[in-house]
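The numbers here are math on the coordinates, done by the rules we state, and not lab data. This one's a predicted model, so the numbers in the text were calculated from it and none came from an experiment. So basically every Cβ, Gly included, is an ideal-geometry build from the backbone, and we count neighbours across all protein chains shown.
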There are 2 protein chains.
Amino acid sequence: MRIGELSARTGASRRSLRYYEEQGLLVSSRSPSGQRHYEDEHVQRVRLVQAFLAAGMSSGTIVEMVPCMTEPSEDRARQALEIMGRERARLSEAIDGLAAARAALDHLIEDNHAYLTRSADDEA
Amino acid sequence: MRIGELSARTGASRRSLRYYEEQGLLVSSRSPSGQRHYEDEHVQRVRLVQAFLAAGMSSGTIVEMVPCMTEPSEDRARQALEIMGRERARLSEAIDGLAAARAALDHLIEDNHAYLTRSADDEA
DNA sequence: CTAAAAGCTCACATTGATGTCAGGGGCAAG
DNA sequence: CTTGCCCCTGACATCAATGTGAGCTTTTAG
C-alpha cells in the first residue's frame, strides 16, 4: 500500500508517517519513482509507535527500544532492556499520577455537585 | 511566604509560579514593593495545579474547572461540571492508553529477554 | 490525452509550559 | 554603605510532534 492508505488505516497523518521514517521508527520500500510502499505488517508497527508516542515517549526513546533500521545485537538488546525498564517505571508513575488527578477531579466534582444541590435547595 | 519558599515547597520553579498566576491559576497578595506573598494553603493549590498539568490538562482547562479569581456562580459551576466530566473521561482513556503501552512494553521486554537467553544458550 | 488525485521534498509555523537572560529594585547583616 | 540574596518585569529561546503550503512529479480514471 502507499502512504495514503497506511494513513487511513492507522489514523496517523501522511506528515506523521514521513516523520516517523525520518526518525527511524518506520521503514518503507520505494517505487522507482520514489513513492513509499508498505506491507500490512507496517500497520501494526505504526500502531505501536502511536501507542508509545501517546504514552509520552520521545521518538528517540522509541527508536532505542524498538529499532527497525539497525542490526539486532546483544549489546543493543541489553541497552534496550535497560531503557525499557526505565520507561516501564515511568509509565507506572504516570499512570499513578493520572489516577491521582482523576481522584482529585472526582473530589471536585462531588464538591461542585454538593454546591449546586445546596443552591437548588435554597431556591425551594 | 515569598515565591522562593513556595517554589521550594512545591518543586515548581519561580518561573512556573509566576506563569500560573498569569494564567489565573494562582493568586498572591503583594507587598508594597510588589513582592508576592503566599499563605500555607497555596502550597496545596500549587500541588493541585501541578497534578492537573502533569495529567495533560491545559492551564485554560484548569482555570475553567477550578477558578481562583472569578466569583462562584451556578452557571460557572454547571459549566465546570461539564468540563470536569469531559476531562475525567479523557483521563480514563489516557490511563487505558498508558496501560496498553505498558502491556506492549512488557511483551517487548519478554521478547528481548528470550532473545538474550537464547544467545546465552548459544554461547554455552 | 487530460485532468484529478495522490506523492515527493523543503521549509516555515504552531503550541504550551518552561528556561534563561537582562536590567533594575528591595532588604537584612556586616 | 555595601555586599549578597531574593524579587520584579519583559523578552526571547526551547522542544517535539504535527500542520501547512509551495512547487513539482507520478499514478489513475475517464
Mean-square fluctuation check for chain B, GNM, Cα pairs under 10 Å: which of B:ILE62, B:ILE95, B:ILE83 is largest? B:ILE95
Taking the Cα atoms of the range B:1-70, what is the range of coordinates along each of the three principal axes, in descending order and whole Å? 34, 25, 20
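Note down the relative contact order for chain A as a percent, whole number, built from C-alpha pairs under 8 angstrom at least six residues apart.
Relative contact order of chain A: 20 percent.
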When the Debye formula is applied to the Cα atoms of the range A:72-120, each taken as the same point scatterer, what base-10 log of I(q)/I(0) results at q = 0.19, 0.26 Å⁻¹? -0.71, -0.87
For a quick check, take a GNM of chain B with Cα springs below 10 Å and name the residue from B:LEU48, B:LEU98, B:LEU26 with the largest mean-square fluctuation. B:LEU98
With Cα atoms, 0 to 90° folded angle of helix B:74-123 axis to chain B main axis: 30
Where the eigenvalues come from the Cα gyration tensor of chain A, what are the semi-axes √(5λ) of the equivalent ellipsoid, largest first, in whole Å? 43, 22, 8
The range B:1-70: relative contact order in percent, alpha carbon pairs under 8 Å with at least 6 residues between: 37
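Work out, step by step, the length gained on full extension between A:ALA120 and A:ALA100: first 0.36 nm times the residue separation, then minus their alpha carbon distance; give nm to one decimal.
Stretched fully, the A:ALA120-A:ALA100 segment lengthens by 4.2 nm.
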Translational D (Stokes-Einstein, µm²/s) of the protein assembly as shown at 20 °C and 1.002 mPa s when Rh comes from the Kirkwood sum over C-alpha pairs? 98
Quick check: pseudo-label points 7 Å beyond the Cα along Cα→Cβ at B:GLU71 and A:GLN23, how many nm apart are they? 4.8
First measure r as the distance between the Cβ atoms of A:SER13 and A:VAL43, then evaluate 1/(1 + (r/R0)^6) with R0 = 22 Å and state the FRET efficiency to the nearest 0.05. 0.90
